[in-house]
1. Can you pull out the residues in the stretch 172-186 that are in contact with a strand residue (DSSP E or B) (Cβ under 8 Å, 6 or more places away or on another chain), outside any strand (DSSP E or B) and either modelled with pLDDT under 95 or more than 21 Å from residue 160 (Cβ to Cβ) (or both)?
2. Would you confirm whether any residue within the stretch 175-185 is crowded, with 21+ Cβ neighbours inside 10 Å, of a type outside the set (Ser, Thr, Tyr) and within 29 Å of residue 26 (Cβ to Cβ)?
3. With respect to the numbered conditions (1) open to solvent by less than 30 Å² (accessible area, probe 1.4 Å); (2) in contact with a helix residue (DSSP H, G or I) (Cβ under 6 Å, 6 or more places away or on another chain); (3) at pLDDT 95 or above, which one is the sole condition not fulfilled by residue 94?
4. Return yes when residue 42 is surrounded by 16 or more Cβ atoms within 10 Å (Cβ to Cβ), more than 11 Å from residue 53 (Cβ to Cβ) and touching a strand residue (DSSP E or B) at 6+ places or on another chain (Cβ under 9 Å) and no when it is not.
5. What tally of residues in the stretch 25-39 results from selecting those that are open to solvent by less than 30 Å² (accessible area, probe 1.4 Å) and either within 19 Å of residue 210 (Cβ to Cβ) or not hydrophobic (A, V, I, L, M, F, W, C) (or both)?
6. Show the residue pairs meeting these rules: Cβ distance below 7 Å; 6+ apart or different chains; first residue within the stretch 207-228 and open to solvent by 80 Å² or more (accessible area, probe 1.4 Å); second residue of a type in the set (Phe, Trp, Tyr).
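The values are calculated or read from the model by the stated rules, or taken from the named source; none is laboratory data. Given the structure is predicted, the values throughout are model-derived calculations rather than measurements. Cβ placement follows ideal geometry from the backbone for every residue including glycine, while neighbour counts extend to all protein chains displayed. Each accessible area value is taken on the protein alone, full model and side chains, heavy atoms only, with ligands, DNA and RNA left out. Shrake-Rupley method; radii C 1.70, N 1.55, O 1.52, S 1.80 Å.
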Amino acid sequence: MRNNILITGASSGLGAGMARIFAASGHNLALTARRVDRLEALKAELLAAHGDIEVEVYALDVNEHDQVFEVFKKATKDLGGLDRVIVNAGLGKGGRIGTGKFEANRETAMTNFVAALAQCEAAMEHFYERKAGHLVVISSMSAMRGMPSSMNTYAATKAGIAHIAEGIRSDLIGHKDYDIKVTTIYPGYIASEMNEKVGQEQRLMVDTETGCRALVKAITKEPADAAVPPWPWAALGVVMKNAPLSVVRKMV
């Protein structure tokens, strides 16, 4: 079945990678990001390869919250409704707390949590109205515990948005008149533009295409939550949640 899928942060990395895979499966796409030139190039690429789908692109800075609601409504109108919204836009800036990196940490907190909250609100307004839909929140394996150094604020925001998603899922319990699913995805280390400049070595890294195929496979199953790629991250997630903090620190 062909779906209408909105992806935020779609100009590069995981967002663009997921768009390519969904397009190859015949789905219509609404792609948003700040860098419209990249979105237009991606749109041209997708339509050249899959001419029977519809691709709409929208300039969106997710920190402009009014704009989030406006763009989501426009995409809904342009595509005739949205079946799935993937809250993917995010930042990886940050520094160890207490080292003068407040502005970088604040920017990450605003983008990864407050802006993600706005995206969830806009998506769920539409899904409640049509009584159907699939909200997907891209969290991170780092959300399992408090993370040290430059990962501290990033991990906290990813834990926060995972709890937002779980709360929305709780709201839907017992409402059989709604066919709405909420999925939280916990990616492990997947190569992307956001982490290519990270100085520390990231073990267990998979390439972007492999990671995005695993993401789409998990999303399509519409689970409550999923670690991606499932091996080894599902097992490592259990360890990260339960091991002493000193052990977890050595794992990241």
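1. Here is the first cut: in the stretch 172-186, the residues in contact with a strand residue (DSSP E or B) (Cβ under 8 Å, 6 or more places away or on another chain) are 172, 178-186.
Adding the requirement that they be outside any strand (DSSP E or B) leaves 172, 178.
Listed by number, the list holds a single entry, 178.
2. Here is the first cut: in the stretch 175-185, the residues crowded, with 21+ Cβ neighbours inside 10 Å are 182-185.
Filter again for of a type outside the set (Ser, Thr, Tyr), leaving 182, 185.
Pick out the ones that are also within 29 Å of residue 26 (Cβ to Cβ) and you get 182, 185.
Yes.
3. Failing condition for residue 94: (3).
4. On the way: surrounded by 16 or more Cβ atoms within 10 Å (Cβ to Cβ): yes; more than 11 Å from residue 53 (Cβ to Cβ): yes; touching a strand residue (DSSP E or B) at 6+ places or on another chain (Cβ under 9 Å): yes.
Judged against the criteria, residue 42 is a match.
5. 4
6. 225/186
Okay, residues lined up against (1) of a type in the set (Asp, Glu); (2) farther than 23 Å from residue 237 by Cβ; (3) open to solvent by less than 60 Å² (accessible area, probe 1.4 Å):
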site	(1), (2), (3)
125	yes, yes, no
131	no, yes, no
143	no, no, yes
171	yes, yes, no
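Residues checked against (1) buried (at least 20 other Cβ atoms within 10 Å of the Cβ); (2) under 24 Å from residue 167 (Cβ atoms); (3) at pLDDT 95 or above:
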residue: 67; (1), (2), (3): no, no, yes
residue: 73; (1), (2), (3): no, yes, yes
residue: 79; (1), (2), (3): no, no, yes
residue: 87; (1), (2), (3): yes, yes, yes
residue: 100; (1), (2), (3): no, no, yes
residue: 103; (1), (2), (3): no, no, yes
residue: 114; (1), (2), (3): no, yes, yes
